[in-house]
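K.L.:
The structure under discussion is supplied below as structure tokens; questions concerning it will follow.
The values are calculated or read from the model by the stated rules, or taken from the named source; none is laboratory data. Just so we're clear, the structure is a prediction, and the values are computed from it rather than from any experiment. Positions of Cβ are backbone-derived with ideal geometry, glycine not excepted, and every protein chain shown enters the neighbour counts. These accessible areas exclude ligands, DNA and RNA; they are computed on the full protein's heavy atoms, side chains included. Shrake-Rupley method; radii C 1.70, N 1.55, O 1.52, S 1.80 Å.
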Amino acid sequence: MSIRIVPKEQLGKEQSEKGISFIPPVLFPNLKNLYQRRAERFQTLAKDNPFANYLEFAAEIVKAQEKALHDNPLTIDLAPLLTQQVGVTPLDRKTFKRSKHWHALLASIIAELRPVVPESATIALENLSKASENELEEMATALLNDEYSKVSADKSVFIWAALSLYWAQLAANIPGKAKTEYGENRQFCPVCNSMPVASMVQIGTTQGLRYLHCNLCETQWHVVRIKCTNCELTGKLNYWSLDSENAPVKAESCGDCGSYLKILYQEKDANVDAVADDLASIVLDAKMEEEGFARSSINPFLFPNE
């Protein structure tokens with residue numbers, strides 16, 4: 001099954017005709033306190049973590065995202081996208097015509113970070129602030145097209161922070177609902193077609209349901225448990241942790257496709273965050289690589305070298 005975003009009116013009519021309720025296929029981002037909670041989680045996870053300095057650095061970037069969000073609100077009518085682009089993800093990272101709004105977000109993030117980041121990062125921020133609009137667009141296009149080697153690591157994290165905030169603002173403005181239907185590519189975000197960062201088994205109104213969390217637009221989409229999120233097979237799944245069986249963060253590996261994805265459990269720790277907890281458990285990634293599995297996701301604070 002795949003997921004498609006449709007106008008609210010269309011889904012509402014179909015639901016009333018069927019007379020059924022269903023599991024929410026998509027949870028659009030709620031930006032009200034997302035970045036504040038993530039920054040706090042990074043700071044909590046930094047305690048007694050061998051990578052504490054980088055987690056604290058990531059917390060500062062997330063705080064800058066929150067300030068940029070507050071200072072640069074985005075209001076846009078995305079209704080035409082749901083009627084004109086039938087059958088495609090409405091905010092596809094490779095084809096959506098982004099505006100210069102993300103440049104303003106980047107400038108705001110740079111301004112917030114300059115006084116608080118290490119000198120090595122300050123150099124990258126200075127270079128980005130001097131970059132032309134064309135240079136910024138070229139770097140953005142490269143990252144959005146998975147051409148990570150074209151952007152130096154010291155710049156990619158800031159570029160992506162601005163792009164992610166921009167896409168999250170867009171996703172939060174989508175005037176539509178999600179519809180499940182037969183198809184492929186369930187492993188990609190139905191809003192922007194990007195990869196997940198991790199999956200999470202939730203509590204609350206979606207108790208026990210698993211959602212993948214997009215590494216770009218912060219959207220979450222439902223994928224049933226006990227199924228590989230990469231190839232959708234179920235026969236050779238295993239779960240790994242560095243602590244105990246009750247660890248809130250595990251790696252779900254698939255012997256069929258040789259991939260793995262982190263899975264987080266809110267029932268074991270209600271404060272887990274897909275981005276923060278994934279990055280803080282990087283030692284588990286090293287273990288999975290030793291076991292011969294390849295990561296099927298990307299963390300926005302840890303891009304691959306090539």
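K.L.:
Under 16 Å from the 7 Å Cα→Cβ point of Thr141, by amide nitrogen: which residues of segment 150-170?
P.N.:
Taking a point 7 Å out along Cα→Cβ of Thr141, the residues of segment 150-170 whose backbone N falls under 16 Å are 150-151.
K.L.:
Helix-derived [θ] at 222 nm for the chain: sum -39500 (n - 2.57) over DSSP H runs of at least 4, divide by residue count, nearest 500? If you can, show how the numbers build up before the last one.
P.N.:
Values: 10 runs with 123 residues, N = 306.
The helix contribution divided over the chain gives -12500 deg cm²/dmol.
K.L.:
Just list whichever of Lys130/Lys155; Lys63/Lys268; Lys100/Lys130 have alpha carbons separated by over 19 Å in the model shown.
P.N.:
Values: Lys130/Lys155 12 Å; Lys63/Lys268 26 Å; Lys100/Lys130 16 Å.
Those over the limit are Lys63/Lys268.
K.L.:
Quick one: order Met195, Met200 from most to least accessible surface, probe 1.4 Å. Don't jump to the answer; show the numbers that get you there.
P.N.:
Numbers: Met195 40, Met200 15 Å².
These residues rank, largest area first, as Met195, Met200.
K.L.:
Could you name the aspartates and glutamates whose alpha carbon sits less than 15 Å from that of Lys227, not counting residues in the same chain fewer than 8 places away?
P.N.:
Qualifying aspartates and glutamates at Cα under 15 Å: Glu184, Glu252, Asp256.
K.L.:
Please compute the per residue accessible area over segment 66-211 with all protein chains in place, 1.4 Å probe, rounded to a whole number of Å².
P.N.:
On the way: 6720 Å² over 146 residues.
Per-residue value: 46 Å².
K.L.:
Tell me the carbon and sulfur percent of the accessible area for segment 103-260, rounded to whole percent, probe radius 1.4 Å. Can you show the working numbers first?
P.N.:
Values: 3070 of 6560 Å².
About 47 percent, which is the carbon plus sulfur part of the accessible surface.
K.L.:
If you count only protein heavy atoms and use a 1.4 Å probe, how large is the accessible surface of Arg98, to the nearest 10 Å²?
P.N.:
50
K.L.:
In whole percent, what relative contact order does segment 168-294 give with Cα contacts below 8 Å and a gap of six or more residues?
P.N.:
21
K.L.:
Over the chain, what is the relative contact order in whole percent, taking alpha-carbon pairs under 8 Å and six or more residues apart? The partial results should precede the final answer.
P.N.:
Values: 514 pairs, mean separation 70.0, N = 306.
Rounded, it is 23 percent for the chain.
K.L.:
Heavy atoms only, 1.4 Å probe, whole protein assembly: order His222, His70 by accessible area, highest first.
P.N.:
Numbers: His222 25, His70 140 Å².
Most to least solvent-accessible, the answer reads His70, His222.
K.L.:
Explain nothing, just the number: dipole magnitude of the chain about its Cα centre with +1 on each Lys and Arg Cβ and -1 on each Asp and Glu Cβ, in debye rounded to the nearest 20.
P.N.:
Computed charge dipole of the chain: roughly 900 debye.
K.L.:
Further question: Using a ≥ b ≥ c from the Cα gyration tensor of segment 204-257 (square roots of the eigenvalues), is it rounded, prolate or oblate, where a/c under 1.5 gives rounded and otherwise the larger of a/b and b/c decides, a/b for prolate? It would help to have the intermediate numbers written out before the result.
P.N.:
Values: a/c = 1.65, a/b = 1.18, b/c = 1.39.
It is oblate, given that a/c is not under 1.5 and a/b is not larger than b/c.
K.L.:
Would you list which aspartates and glutamates come within 18 Å of Lys150, measuring only between C-alpha atoms, while excluding same-chain residues fewer than 8 positions from it?
P.N.:
By straight Cα distance, Lys150 reaches Glu133, Glu135, Glu137, Glu138, Glu306.
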